[in-house]
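Student: The structure under discussion is supplied below as structure tokens; questions concerning it will follow.
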Amino acid sequence: MLVVMEHGATSEQVAGVVRLIEELGYQARPMPGSQRTAVGLVGNDGRVEGSRFETLPGVAQVIHVTKPYKQASREWHPDNTVVTIAPGVHVGGDDITLIAGPCSVESEEQIVAAARAVRAAGASCLRGGAFKPRSSPYSFQGLGKRGLEMLALAKRETGLAIVTEAMDDEGAELVAEYADCIQIGARNMQNYSLLRTVGRLGRPVLLKRGLAATITDLLLSAEYVLSEGNAQVILCERGVRSFDTAARNMLDLTAIPIVHKLSHLPILADPSHGTGLRDKVIPMARAAVAAGADGILVEVHPNPERALSDGAQSLFPEQFAQLVGELRTIATAIGRTITPVPGTSTAGVA
Ligand code: PEP
Ligand code: MN
């Protein structure tokens, strides 16, 4: 349930609503908006009567949120959420955020070369897994803590914000020490214990859609993170399993406008895992931005033929540079801007 305050309601009136919610034994979530404040009631099991609030001073309206997810829904929070990954690096609103880098961190040389290349092309964030969820236990599993240290080195060298995956509860705290944004991979999208854990770590979370997850499933998973008090959630469409084996997955671009309608949370597209094929990545990245994606998460490797994971879908640095140029043109056409590279001026950047 959502208690919408009148325009110009006083802080005492908002406090009155919060007090009543707490007296009834529920949690109150005040949300100051651009026009008015709303107070969410968390955990309504159907026993709370909206009319108790309608007569309180300063209350304009009581909305019963009908979706199975609440805090992730646009009913609950009409304005777009803008997530701040690092100073000046935002996801959502008018920004289009470019997160690029190799599938896995492989060595100091590899990750620093990748970071320099994607920064030079215009990315604001470096991606790269130190803990890798591989389909086979015999495939390269990532460098673990050493990989995180290499990401820290790449950050020192380039100033890029770091996005990297946490695979389990035990590793999440360690990842949070190094990551500006914690990625939850497709395979873990419904690991509810991990979602609760990262909800408590105080870092932005990039939540990827599961291989066979519906959009409702994705938003319910986001709800787990939000319900722990972490409002900094970014969603990511990365393709779903389909009957067709022509591509690795089927990138569901319709999910982008659907999520924007249902939720205030930003959504990125990952055309790398979404297609699995290097020559399909650029067209689908362009299409995703044109469809309204708040950014892209894309695999770029300094030497894709030598990559220890996902080389076939990793762009060469020159291809990524070309893509960024094209995305700037698309962004301008739809009234958006590419998030600037940290430490550079925004003047003159489309
Ligand atoms: C990744 O981003 O490297 C990754 C493993 O992606 P996904 O979880 O979408 O398969
Ligand atoms: Mn990968």
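Student: Residues to consider are Gly343, Gly335; find the one that is within 18 Å of Val118 (Cα to Cα) and either within 16 Å of ligand 1 (Cβ to nearest atom) or not aliphatic (A, V, I, L, M) (or both).
Tutor: Within the list Gly343, Gly335, the selection yields Gly343.
Student: So Glu108 ticks every box in (1) out of contact with any Asp or Glu (no Cβ under 7 Å at 6 or more places or on another chain); (2) within 15 Å of ligand 1 (Cβ to nearest atom); (3) free of Cβ contacts under 8 Å to residues at least 60 places away in the same chain but one. Which box is left unticked?
Tutor: Among (1) out of contact with any Asp or Glu (no Cβ under 7 Å at 6 or more places or on another chain); (2) within 15 Å of ligand 1 (Cβ to nearest atom); (3) free of Cβ contacts under 8 Å to residues at least 60 places away in the same chain, the lone unmet condition for Glu108 is (2).
Student: In this structure, is Ser272 within 12 Å of ligand 1 (Cβ to nearest atom) and open to solvent by less than 10 Å² (accessible area, probe 1.4 Å)?
Tutor: Yes.
Student: Would you check if there is a residue in segment 28-40 being closer than 30 Å to Pro342 by Cα, part of a loop (DSSP other than H, G, I, E, B) and either open to solvent by less than 80 Å² (accessible area, probe 1.4 Å) or at pLDDT below 95 (or both)?
Tutor: To start, the set of residues in segment 28-40 that are closer than 30 Å to Pro342 by Cα comprises 31-34.
This time we only want the ones that are part of a loop (DSSP other than H, G, I, E, B), so: 33-34.
Subsequent filtering for residues that are either open to solvent by less than 80 Å² (accessible area, probe 1.4 Å) or at pLDDT below 95 (or both) retains 33-34.
For segment 28-40, residues closer than 30 Å to Pro342 by Cα, part of a loop (DSSP other than H, G, I, E, B) and either open to solvent by less than 80 Å² (accessible area, probe 1.4 Å) or at pLDDT below 95 (or both): present.
Student: Follow-up. Out of the residues in segment 315-348 that are in a helix (DSSP H, G or I) and of a type in the set (Gly, Ala, Ser), state the one that is nearest to Asp279 (Cα to Cα).
Tutor: We begin by selecting, within segment 315-348, every residue in a helix (DSSP H, G or I); these are 317-333.
Those still in the list that are of a type in the set (Gly, Ala, Ser) too: 321, 325, 331, 333.
On the way: Ala321: 15, Gly325: 17, Ala331: 21, Ala333: 24 Å.
Filtering segment 315-348 for residues that are in a helix (DSSP H, G or I) and of a type in the set (Gly, Ala, Ser), the one nearest to Asp279 (Cα to Cα) comes out as Ala321.
Student: Still on this structure: Which fully enclosed helices (runs of 4 or more DSSP H) of segment 205-314 have 1 or more residues being of a type in the set (Phe, Trp, Tyr) and modelled with pLDDT of 95 or more?
Tutor: The helices (runs of 4 or more DSSP H) meeting that bar are 215-226.
Student: Does Glu106 meet the test of being open to solvent by 10 Å² or more (accessible area, probe 1.4 Å) and not in a helix (DSSP H, G or I)?
Tutor: The answer is yes for Glu106.
Student: Identify, please: which residue in segment 176-205 is within 23 Å of Glu149 (Cα to Cα), small (Gly, Ala, Ser) and more than 16 Å from ligand 2 (Cβ to nearest atom) and is, among those, most open to solvent (accessible area, probe 1.4 Å)?
Tutor: Filtering segment 176-205 for residues that are within 23 Å of Glu149 (Cα to Cα), small (Gly, Ala, Ser) and more than 16 Å from ligand 2 (Cβ to nearest atom), the one most open to solvent (accessible area, probe 1.4 Å) comes out as Gly202.
Student: Please go through segment 124-140 and give me each residue that is surrounded by 17 or more Cβ atoms within 10 Å (Cβ to Cβ) and within 16 Å of ligand 2 (Cβ to nearest atom), ordered by number.
Tutor: Cys125, Leu126, Arg127, Gly128, Gly129, Ala130, Phe131, Lys132
The values are calculated or read from the model by the stated rules, or taken from the named source; none is laboratory data. None of these values were measured; they are calculated from a predicted model. Cβ sites come from the backbone with ideal geometry, for glycine too, and all protein chains shown count toward neighbours. For accessibility, only protein heavy atoms count, side chains too; no ligands or nucleic acids. Shrake-Rupley method; radii C 1.70, N 1.55, O 1.52, S 1.80 Å.
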